[in-house]
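Only one structure is covered here, and it is reproduced in the block below.
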Amino acid sequence: MDAQAAKSFREFVAGRSTALLRTAVLLTGGDRHAAEDLLQNALVKAAGRWQRIDEPEAYVRQILYRQQVSRWRLKWRRREVTVAEPPEAGHAPDGSNAAELRLVLRAALSRLTARQRTVLVLRYFEDLPEADVARILGCSVGTVRSTTHRSLARLRALAPELDGLGPDRGREIPSRDHSPVEVRS
């Protein structure tokens, strides 16, 4: 890589790594360490081809998705974390605290399968159409639709307090570009 390309790559990493890390965190179910590894591997792969890449962000995101898909195809499972005592039974989130809702969402996403989580991230966080998600994941549009439906149903069952979110219920869920995303099942 020549000096010009190296400078361009450093600028890209400095400018876009935060947004790419957010996507990686969602893809890994909230596991920041796994997300950092996923992003680092994607950037290493992109660096080797940097001079031949036309759209760097799209290229790196594609690597992120494909690496995550490879992880769940290998049936890699995250170990469950056990705690000494169960959580307090009387405490339930009331939905008024955004930080608490993010924690509930992160916990619910981590309990989805990697495939379900990936489909939801691509459809609603990345705001991709079903056909693009199918192409990225190497499956049919029908598989994307059914996986999305089952994933949303499981997410609602795991975290019923999140069911009140969405534009049709007075709240909007931001997408990657911070524009509202309609939640469809």
Heavy-atom accessible area of Y59 with all protein chains present, probe 1.4 Å, nearest 10 Å²? 70
Spin-label point model (7 Å from Cα, Cβ direction): what's the E57 to A131 distance in nm? 2.3
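Under the classification rounded if a/c is under 1.5, otherwise prolate if a/b is larger than b/c and oblate if not, where does the stretch 102-148 fall, given a ≥ b ≥ c as square roots of the Cα gyration tensor eigenvalues?
It is prolate, given that a/c is not under 1.5 and a/b is the larger ratio.
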Checking the a/c ratio against 1.5 first, then a/b against b/c, what shape does the Cα gyration tensor give for the stretch 31-74? prolate
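The values are calculated or read from the model by the stated rules, or taken from the named source; none is laboratory data. Fair warning: this is a prediction, and the values are worked out from it, not measured in the lab. Positions of Cβ are generated from backbone atoms using ideal geometry, with glycine treated the same way; all protein chains shown enter the neighbour counts. We work out accessible area using only protein heavy atoms, side chains counted, and drop any ligands, DNA or RNA first. Shrake-Rupley method; radii C 1.70, N 1.55, O 1.52, S 1.80 Å.
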